[in-house]
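**Student:** Structure provided below as structure tokens; questions to follow.
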Amino acid sequence: MRRNLIAALALSCVVLLAGCQEPQPSVAAKPKGVPEDAFQVGGTDGGVYVELSKIATDPPDCYRGSIFEERSGTLWFRGTLKLRPSATAPVDVHNAALFSGWDGDALLLKDGRKLVAQR
């Protein structure tokens with residue numbers, strides 16, 4: 001009887017501890033057509049995938065980019081983005097942590113700057 005009680009208690013502890021693990025965040029696969037090097041920007045209300053590059057021959061405040069809808073991978077914008085304000089430090093185009101979102105006209109940086117789409 002005592003062995004059964006100890007076994008039941010041990011099993012209960014294992015079950016309780018297994019239930020205490022934090023859930024792992026699910027990482028959705030990128031939609032078809034979104035480049036492998038594109039990174040995700042945005043919050044829980046929606047976001048985009050961003051692919052950015054800096055061409056050495058372009059003016060210092062110009063970047064090249066593509067913006068893709070987060071779920072479908074639809075291309076929303078492709079072209080030149082200008083840094084505003086322009087007389088500021090260059091943007092690290094590979095650092096996703098610098099960006100907070102896309103407002104439809106500009107890629108917003110967390111420090112208040114933006115890369116404005118040139119249409």
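**Student:** Karplus couplings for region 30-44 from phi (6.51 cos²θ - 1.76 cosθ + 1.60, θ = phi - 60°), rounded to Hz, Gly and Pro as x?
**Tutor:** 5, x, 4, x, 7, x, 4, 8, 6, 10, 8, 9, x, x, 5
**Student:** Separation between the residue 96 and residue 64 pseudo-spin-labels, each 7 Å from Cα along Cα→Cβ, expressed in nm?
**Tutor:** Calculated label separation equals 2.2 nm.
**Student:** Neighbouring Cβ atoms within 10 Å as the yardstick, rank 78, 64 fewest first.
**Tutor:** On the way: 78 12, 64 15.
Ranking 78, 64 by Cβ neighbours within 10 Å, fewest first, gives 78, 64.
**Student:** Suppose every K and R has +1 on its Cβ and every D and E has -1 on its Cβ; what is the size of the dipole of region 33-117 about the Cα centre, in Debye to the nearest 20?
**Tutor:** 240 debye
**Student:** Kindly provide the GluC sites (Glu not before Pro) of region 23-119 that DSSP labels as loop, not H, G, I, E or B, and whose Cβ sees at most 11 other Cβ atoms within 10 Å. Walk me through the numbers before you get to the answer.
**Tutor:** Numbers: sites: 36, 51, 69, 70; in loops: 36, 70.
Hits after loop and neighbour filter: 36.
**Student:** Regarding region 33-117, what whole-number volume in Å³ per residue does the convex hull of its Cα atoms give? Display every interim value, and only then the final one.
**Tutor:** Numbers: hull volume 7.6 nm³, N = 85.
Output value, Cα hull per residue: 90 Å³.
**Student:** Amide H neighbours of residue 100 under 5 Å, counting only residues 5+ apart in sequence or on other chains, H built in-plane at 1.01 Å?
**Tutor:** Placed amide hydrogens put 108, 109, 110 under 5 Å from residue 100.
**Student:** Using Cβ counts within 10 Å as a stand-in for footprinting exposure, how do 80, 74 rank, fewest first?
**Tutor:** Values: 80 16, 74 13.
Ascending number of Cβ neighbours within 10 Å: 74, 80.
**Student:** Let me ask something else. Residue by residue, what Karplus-based ³J(HN,Hα) values in Hz, rounded to whole numbers, does region 51-58 have, using 6.51, -1.76 and 1.60 with θ = phi - 60° and x for Gly and Pro?
**Tutor:** 10, 10, 8, 10, 9, 4, 7, 6
**Student:** So what J values fall out for region 80-95 if you push phi through Karplus, 6.51 cos²θ - 1.76 cosθ + 1.60 with θ = phi - 60°, rounded to Hz, Gly and Pro as x?
**Tutor:** Ordered by residue, 3J(HN,Hα) equals 8, 10, 9, 6, 10, x, 6, 8, 10, 4, x, 9, 6, 5, 9, 9 Hz.
**Student:** Extending each Cα 7 Å along its Cβ direction at residue 87 and residue 71, get the distance between those two points in nm, one decimal.
**Tutor:** In this crude label model, residue 87 to residue 71 measures out at 4.5 nm.
Here, each number is a calculation from the coordinates, and none is a lab measurement. Please read these numbers as outputs of a predicted model, since none were measured by experiment. FYI the Cβ positions are ideal-geometry reconstructions off the backbone, even for glycines, and counts take in every protein chain you see.
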